[in-house]
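Asks: Would you mind keeping the following structure in view while I ask a few things?
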């Protein structure tokens with residue numbers, strides 16, 4: 001799917017080739033720059049949540065940028081990481097696994113497993129190597145993310161206390177982990193979880209070797225770009241204030257790492273008198289996640305000559321290309337009044353989940369990912 005090109009930008013490629021199909025543009029430079037930002041600012045090990053975008057080119061570029069850990073959720077993701085790096089740490093942070101999946105993880109020498117129930121700890125059996133860690137995942141009723149991850153995963157603090165003791169008894173290196181929820185931009189959410197983690201460790205009488213502060217780092221979907229450095233500083237300061245012996249830190253950005261290295265270019269197929277726009281991609285393709293999370297407002301429209309259309313904006317209903325009537329973006333999109341059939345509509349920040357969960361329903365969807373200098 002990925003192709004290397006000699007084009008500097010999506011605008012250059014669209015202006016010269018005028019494709020009729022949707023195209024995703026990938027900038028390795030943007031991805032490596034974000035990886036360096038996390039590595040420079042976060043006071044601990046930065047791992048990448050493979051689920052966000054498991055493309056080989058993404059994993060290979062992150063390895064080349066110096067990442068030595070990956071958050072995996074299945075044997076397939078383990079295989080993808082091992083194809084990019086034979087030595088990177090594997091953090092199997094999907095807390096529910098079958099027996100067969102555990103066997104595959106043990107064979108791959110998973111470094112860290114997360115659990116949120118005693119049954120999952122029992123299923124792991126005995127440690128298979130000296131560095132093997134079990135990180136107990138807990139949840140809190142803290143707001144600040146787009147939706148609550150605690151609805152599916154995480155033990156209560158009281159249960160976590162007992163699980164942390166059981167991890168030590170089972171012979172694993174003890175750790176704690178949490179996830180503040182997707183698209184979280186509030187440093188105080190991390191602080192609340194870290195305070196609770198310190199209390200859990202104290203009540204359990206266990207010194208966790210590491211604290212995984214999860215993902216959830218907001219990407220730039222619109223408005224002011226998130227202040228990741230402020231979040232990093234808050235995490236570091238709170239850990240030092242709350243733990244007598246601060247554990248080593250781990251984070252697992254997915255969307256926050258990869259989103260801004262991709263731009264999706266769609267084309268206007270038709271316009272309707274009521275202002276509705278039909279694009280050549282929709283919710284069964286690159287926009288699948290827009291049904292569940294706030295849409296991006298980082299949108300540009302280019303004419304067939306490559307010039308950008310600005311001003312005279314209006315809200316328009318946007319339909320995808322399939323013959324399903326629910327193939328429609330959930331919110332109206334602000335687009336120029338002078339938009340025309342054949343124009344290109346570019347959506348920035350589309351690197352996370354757009355390719356991972358897209359379908360090929362009705363024969364549509366992104367088929368090409370072109371590597372360019374910038375997006």
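Asks: Which residues, counting only those in the range 124-138, are in contact with a strand residue (DSSP E or B) (Cβ under 9 Å, 6 or more places away or on another chain) and either at pLDDT below 95 or over 20 Å from residue 216 (Cβ atoms) (or both)? Show your work before the answer.
Replies: Let us first name the residues in the range 124-138 that are in contact with a strand residue (DSSP E or B) (Cβ under 9 Å, 6 or more places away or on another chain), namely 124, 127, 130-138.
124, 127, 130, 131, 132, 133, 134, listed by residue number.
Asks: Let me confirm something: among 272, 230, which residue is more than 20 Å from the chain's Cα centre (by Cα) and either closer than 13 Å to residue 353 by Cα or modelled with pLDDT of 95 or more (or both)? Lay out the reasoning, then the answer.
Replies: Working: 230 fails: more than 20 Å from the chain's Cα centre (by Cα).
Exactly one of 272, 230 is more than 20 Å from the chain's Cα centre (by Cα) and either closer than 13 Å to residue 353 by Cα or modelled with pLDDT of 95 or more (or both), namely 272.
Asks: Check 375, 345 and return the single one that is part of a loop (DSSP other than H, G, I, E, B) and either surrounded by fewer than 16 Cβ atoms within 10 Å (Cβ to Cβ) or in contact with a strand residue (DSSP E or B) (Cβ under 8 Å, 6 or more places away or on another chain) (or both). Working first, answer last.
Replies: Numbers: 345 fails: part of a loop (DSSP other than H, G, I, E, B).
Testing whether each residue is part of a loop (DSSP other than H, G, I, E, B) and either surrounded by fewer than 16 Cβ atoms within 10 Å (Cβ to Cβ) or in contact with a strand residue (DSSP E or B) (Cβ under 8 Å, 6 or more places away or on another chain) (or both) leaves just 375.
Asks: Output the residues belonging to the range 287-303 that are outside any strand (DSSP E or B) and closer than 20 Å to residue 17 by Cβ.
Replies: Step one: list which residues in the range 287-303 are outside any strand (DSSP E or B), which gives 287-298, 303.
Within the range 287-303, 303 is the sole residue that qualifies.
Asks: Here are some conditions: (1) in contact (Cβ under 8 Å) with a residue 40 or more places away in the chain; (2) assigned to a loop (DSSP other than H, G, I, E, B); (3) at negative phi; (4) touching a helix residue (DSSP H, G or I) at 6+ places or on another chain (Cβ under 9 Å). Residue 306 meets all but one. Which one does it not meet?
Replies: Checking residue 306 against (1) in contact (Cβ under 8 Å) with a residue 40 or more places away in the chain; (2) assigned to a loop (DSSP other than H, G, I, E, B); (3) at negative phi; (4) touching a helix residue (DSSP H, G or I) at 6+ places or on another chain (Cβ under 9 Å), the one that fails is (3).
Asks: Any residue in the range 254-263 that is out of contact with any helix residue (DSSP H, G or I) (no Cβ under 7 Å at 6 or more places or on another chain), in a helix (DSSP H, G or I), surrounded by 13 or more Cβ atoms within 10 Å (Cβ to Cβ) and free of Cβ contacts under 8 Å to residues at least 40 places away in the same chain?
Replies: No - not one qualifying residue is present in the range 254-263.
Asks: Looking at (1) closer than 24 Å to residue 225 by Cα; (2) part of a loop (DSSP other than H, G, I, E, B); (3) more than 18 Å from the chain's Cα centre (by Cα), find the lone condition where residue 356 falls short.
Replies: (3)
The values are calculated or read from the model by the stated rules, or taken from the named source; none is laboratory data. Because the structure is predicted, anything quoted here is derived from the model rather than measured. Here the Cβ is made from the backbone with ideal geometry for all residues, glycine too, and neighbour counts use every protein chain on show.
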